[in-house]
1. Taking the range 424-449 on its own, how many of its residues are closer than 14 Å to residue 393 by Cβ and either buried (at least 20 other Cβ atoms within 10 Å of the Cβ) or free of Cβ contacts under 8 Å to residues at least 60 places away in the same chain (or both)?
2. Select from the range 344-357 the residues that are in contact with a strand residue (DSSP E or B) (Cβ under 6 Å, 6 or more places away or on another chain) and either surrounded by 24 or more Cβ atoms within 10 Å (Cβ to Cβ) or within 22 Å of residue 223 (Cα to Cα) (or both) and list them in ascending order.
3. Does residue 227 satisfy the condition of being surrounded by fewer than 18 Cβ atoms within 10 Å (Cβ to Cβ), under 23 Å from the mean Cα position of the chain (by Cα) and within 22 Å of residue 301 (Cα to Cα)?
4. Please work out which one of (1) part of a helix (DSSP H, G or I); (2) surrounded by 20 or more Cβ atoms within 10 Å (Cβ to Cβ) is the condition residue 221 fails and give its number.
5. Taking the residues in the range 264-273 that are out of contact with any helix residue (DSSP H, G or I) (no Cβ under 7 Å at 6 or more places or on another chain) and surrounded by fewer than 17 Cβ atoms within 10 Å (Cβ to Cβ) as candidates, determine which candidate is farthest from residue 345 (Cα to Cα).
6. For the range 463-484, state whether one or more residues are at pLDDT below 95 and under 19 Å from residue 111 (Cα atoms).
7. Testing residue 158 on (1) within 30 Å of residue 58 (Cα to Cα); (2) at pLDDT 75 or above; (3) surrounded by 23 or more Cβ atoms within 10 Å (Cβ to Cβ), one condition comes back false. Which one is that?
8. Only residues in the range 260-273 that are on the phi > 0 side of the Ramachandran plot and touching a residue at least 24 places away in the same chain (Cβ under 8 Å) count as the first member; pair them with residues that are surrounded by fewer than 19 Cβ atoms within 10 Å (Cβ to Cβ) and assigned to a helix (DSSP H, G or I), Cβ under 8 angstrom, at least 6 apart or cross-chain, and list the lot.
């Protein structure tokens, strides 16, 4: 491992790292956030009228509204939604794929997906742009496993993550090409000189998910090793602590301790903190490290083999090529969050990409934080501190989360603590507090901080606007934007766009058979939030009534 220069002494930032000592959480009170920090300035960003159906649907044809009404009404029939997959399979056998695909394109596919490929979605992208709404192109093929983990009510309010199936490295190369084309199309669709293009990718498309899970275990164990070395739990490892801990687990301490400690403490502060530990201890280093272990254990058992390191490097190289392409085009790259068992490995890749590509004038790489997870505030604040320590801009997409049911089932099967907040109210509070924290931090930071609020929750959007006003952040600034899924919550997206906010739709595309898992999840989510579907139906009904009355008057 080669030592890299750290721009600030570790001890100087120790007080910012107290969240590494125990379980760190953000304050759950937005008011506390505001009261404890000086408000730099105020801005009068207006709250949109989200009940204005004319703005909401002015870009929609009557045919599109009727299709939307049909889709939402269908989503309110639990018998159809719960058995949709088996019904579709039976229909394909009975009527053939072409007839079923045509029916889907006229209904649920046409409502929730923009088209089969980048060329066919161009009219949708242009129509959104004409309405003041940007597009986040999102290749929507996914593994069926996510159907089981839609996350119920909590996950239904967000643009959610998903997992790709794995067949071969060649398939991963093809996914890379698809994502790269997506990035290029985002750049093409943006006007010359614009600085607002986004593309979304999933790391499970770039490599074997099982490898990600194994690597994540190794990363978690490396973090646990830091906690063991940190004998007094103050977030810092002294030279004495390091020597004691190293000799406890490794047999070559007499020749390695001085070398390793100096490498992890290049500024000679006499301490190692977790940020330096995690940034300088890469997964690729682990096979060499465990050779000196006194005995086997969880870290050595989870250590990747030489063959897995090769596959890991291939995965990381695909990510780097996509990031390089995005940086060249000026397109921001959103790395989707995925299931907890993969997330540490995904975070590790994202951190490396951010450090390399977020150093110019803006963050190119965004990580995604699922605020229904108990540890999301700790992870986010640690990542913010990393960006400040190593001198790069910070980009974050915030969602409430996906996979609630599957995550809880997995945790229970492994006899682990539930990783998710026990109530939806705590998830809401965590989301709103996280947005407020990042907006406040952006108003005080020397680096660019950018946030995408990917939410269908109107209250969270209003809270974000109020925080923007408190911290003097104009709605046209790149600091914050809002995003909703195509086919959902149009009253939020189009009204935000009309009022001058940076508003986006996640625009999924792909062949019908590729996106079936995505479509079934959309149907289940709208079924799970009957109140939300009913509200959208009422707004659609109001607009259709207005149009029919106008036509016959």
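The values are calculated or read from the model by the stated rules, or taken from the named source; none is laboratory data. Quick caveat, the model's predicted, so the values are computed rather than measured. Note that each Cβ is placed from the backbone with ideal geometry, even for glycine, and that neighbours are counted across all protein chains shown.
1. Number of matching residues: 6.
2. Selection gives 350, 353, 354.
3. Spelling it out, it is not the case that residue 227 is surrounded by fewer than 18 Cβ atoms within 10 Å (Cβ to Cβ), under 23 Å from the mean Cα position of the chain (by Cα) and within 22 Å of residue 301 (Cα to Cα).
4. With (1) part of a helix (DSSP H, G or I); (2) surrounded by 20 or more Cβ atoms within 10 Å (Cβ to Cβ) applied to residue 221, the lone miss is (2).
5. So the residue we want is 268.
6. Within the range 463-484 (the criterion being at pLDDT below 95 and under 19 Å from residue 111 (Cα atoms)), the answer is no, since none of the residues qualifies.
7. (2)
8. Filtered contacts from the range 260-273: 270/11; 270/239.
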